[in-house]
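Read-outs throughout are calculated quantities, based only on the coordinates presented, and are distinct from any laboratory measurement. Everything numeric here is computed off the predicted structure, so don't read it as measured data. Cβ: placed from backbone, ideal geometry, glycine included. Neighbour counts: every protein chain shown.
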Amino acid sequence: MFPFKGRLSSAVNKNAYSMETVERILKAAQKHHLQIIPLVQTMGHLEWILKLEQFAHLREDSRFPQVICFSDDDAWDLIKEMIEDVAEVHKKFGMPYFHIGADEAFQIGICNASVARIQKEFSRERLMLWHIARTARFVKEKYPETQVLAWHDMMASAMESDIEDYKLTELVQPVLWNYAEDLDIYLPRSTWMLLRNFGSVWGSSAWKGADGPARYSTNANHYVKNHESWIKQLTMVYKDFNVIEGLIMTGWSRYDHFAVLAETIPVALPTLAISMETMLEGRPLLGNHPITFELLQCSPPLDLGYVASGCRFPGSRIYELINDMYQKQMQLRTYRQDDYEVNGWLSRVADEYTVSSHWYIDKIEQMIEMHAVPLERIAEDLRFEMDKIFYKDTIDEFLFTYLGEDLEWLNKKRETIKKVSNAKAFPKRPFVESAKSIGTQCS
């Protein structure tokens, strides 16, 4: 979405912001005393560039467009161009921090340039540390007042001597991230201790987009537990570091560039409010969130897909509609799986061969309409409400991904009901022709 210049301009989203819009956002943030930390991926998560034929030669592994061959001179120039484009506008408004990403780089040491560089760095792990160090050094040399942040996971298993060799403790502040409900399992004390030589560290939680790639409805309970677990973690380790700078509360739109949309912001705003209140209090609130109630004018439930009515916040109608959609889709799934009438008399056989019982079809039709009409209404209302906030293609993608299949199934059943109802007679059995049966080869 960032309006990159030069050769990077060919890779930007068709809906990318203009530079004027970026500056307007930064100015508004400054006015409201919000500090924006720019993040540029400098190792992995670069599908948005590497998927394109123009940049495919810069992949670490030619099959996978996730990780850039950062040892290659052309790739390094591209990384520096990204950093400079983003920093150029952010520094106008103050840029105390710059995040260089550097997480989840699963393909390393494969491209020719990396293989050659490993001969100098001696291992894949040291190759990654070398790149993180030189990237951080590049940022700090160009912007001396800026502290560099990097995700922790590519450094967490490094030997202390390697960390020292690359002077990483002088160059970066690690951001330990995990979005699970029980961090004792996924972020044990041993991980913190591996990074204890860094004087300053950050934590990173999540309030949306981290509870399954296709989670589109509200599941506040997961994120509240994540933040409660972060309170426990920070209480446990704060004495081991000079400074714990803070907790970065992340909200993700997708798991990666190719994944489907996760929760939209309106669906997750109540979760954000509850999570922030939990962190500010520094303890579990056991469902009592007075600040959230005051802000939203409702008490959002924590359970999956449930919604509070009467909430008043930007996008609250979308929050209500999407969670209502989730509940109705769960009812439809139960109906499709368990109802003996629809499975017995409006099956695939009925769809394909237009044979069934009129008596049962009349009963089933009422149930199909009972499920179809509310979902069609929700689709119409959602499109209207989302149009106030989102690009049209985002709305189309959301409805196609999460509602399209159910509506297609319901409309298919409507067509079958109509055809069967109009039929005056039916053929002799067998209905299923051998030529169409599964596993039959026809010459």
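Data overview
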{"quantity": "Helix 358-386 axis, angle to the chain major axis (alpha carbon atoms, nearest 10°)", "calculated": "30"}
{"quantity": "Cα long-axis angle, helix 265-281 against the chain (0 to 90 degrees, to the nearest 10)", "calculated": "50"}
{"quantity": "Label-to-label distance, nm, for residues given as SER123 and GLU53 (7 Å Cα→Cβ offset)", "calculated": "4.2"}
{"quantity": "Span per principal axis, largest first, for the Cα atoms of the chain (Å)", "calculated": "83, 64, 45"}
{"quantity": "Summed residue charge, Cβ within 11 Å of THR146's Cβ, Lys/Arg positive, Asp/Glu negative", "calculated": "+1"}
{"quantity": "Residue list for segment 288-313, given a label point 7 angstrom along the Cα-to-Cβ vector of LEU280 and an amide N cut-off under 15 Å", "calculated": "288-298"}
{"quantity": "Length-normalised contact order for segment 317-425 - Cα pairs under 8 Å, 6+ apart - percent", "calculated": "40"}
{"quantity": "At R0 = 22 Å, FRET efficiency that the Cβ-Cβ distance of ASP396 and ALA214 yields, to 0.05", "calculated": "0.85"}
{"quantity": "Tail beyond 18 Å, pair distance distribution of segment 152-249 (Cα, percent)", "calculated": "47"}
{"quantity": "Alpha carbon convex hull of segment 1-177, volume per residue in cubic angstrom", "calculated": "118"}
{"quantity": "Segment 344-443: projected area of the alpha-carbon convex hull, averaged over directions, in nm²", "calculated": "9.1"}
{"quantity": "Ordering of 326-333, 224-231 by burial proxy (mean other Cβ atoms within 10 Å per residue, highest first)", "calculated": "224-231, 326-333"}
{"quantity": "16 Å cut-off, amide nitrogen to a point 7 angstrom out along VAL243 Cα→Cβ, residues in segment 157-198", "calculated": "169-176, 197-198"}
{"quantity": "Pairwise centroid distance, computed over Cα atoms, of segment 1-52 with segment 146-185, Å", "calculated": "24"}
{"quantity": "Relative packing of 216-223, 381-388, which averages over residues the other C-beta atoms within 10 Å, highest first", "calculated": "216-223, 381-388"}
